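The values are calculated or read from the model by the stated rules, or taken from the named source; none is laboratory data. Note that the structure is a prediction, hence the values are computed from the model and not measured. Here the Cβ positions follow ideal geometry from the backbone for every residue, glycine too, while neighbour counts run over all protein chains shown. For accessibility, only protein heavy atoms count, side chains too; no ligands or nucleic acids. Shrake-Rupley method; radii C 1.70, N 1.55, O 1.52, S 1.80 Å.
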Amino acid sequence: MTSVLQRRGGYVLTAIVALFLTVDAAVKVLVLAPAVQGTTQLGYPAQSVIWIGLIELSCLVLYLVPRTALVGALVLTGYLGGAVASQLRVGAPLLSHILFPIYVAALLWGGLYLRDTRVRAWV
């Protein structure tokens, strides 16, 4: 029974992360004004928005496919680490901007841990 509840909890956390990252990537891939504005405020050129979104989407797909979920979690961790570094570089607020990607990564890894027995065995 516990493993069923663990797995369901893992899928719930994974769904939360997937929905957030899908919306974030879609805003970037569609090159919407908030994404362009946020990216340029971080010091990146406006042309990079679509590529950042495509990279995020690719990493997310890897994370959502059970066979490549561990690789996806690893590359998303790197992606989110870059977001932390970018926010830190511009002096953004700590709890709301700098640490937010770490909150997402914690949910990401928590979901994978709960839904994948191989990850639980590895840890």
Identity of the residue in segment 59-80, within 16 Å of Asp24 (Cβ to Cβ) and touching a Phe, Trp or Tyr at 6+ places or on another chain (Cβ under 7 Å), that ends up surrounded by the most Cβ atoms within 10 Å (Cβ to Cβ): Leu76
Unique residue being over 11 Å from the mean Cα position of the chain (by Cα) and on the phi > 0 side of the Ramachandran plot when the list is Val90, Val31, Val84, Val49: Val31
Breaking point among (1) open to solvent by less than 60 Å² (accessible area, probe 1.4 Å); (2) within 15 Å of the chain's Cα centre (by Cα); (3) free of Cβ contacts under 8 Å to residues at least 24 places away in the same chain, for Gly110: (3)
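Given the structure, is Ala83 in a loop (DSSP other than H, G, I, E, B) and open to solvent by less than 60 Å² (accessible area, probe 1.4 Å)?
Details: in a loop (DSSP other than H, G, I, E, B): no; open to solvent by less than 60 Å² (accessible area, probe 1.4 Å): yes.
The answer is no for Ala83.
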Residue in segment 36-54 that is within 17 Å of Val17 (Cα to Cα) and open to solvent by 40 Å² or more (accessible area, probe 1.4 Å) present: yes
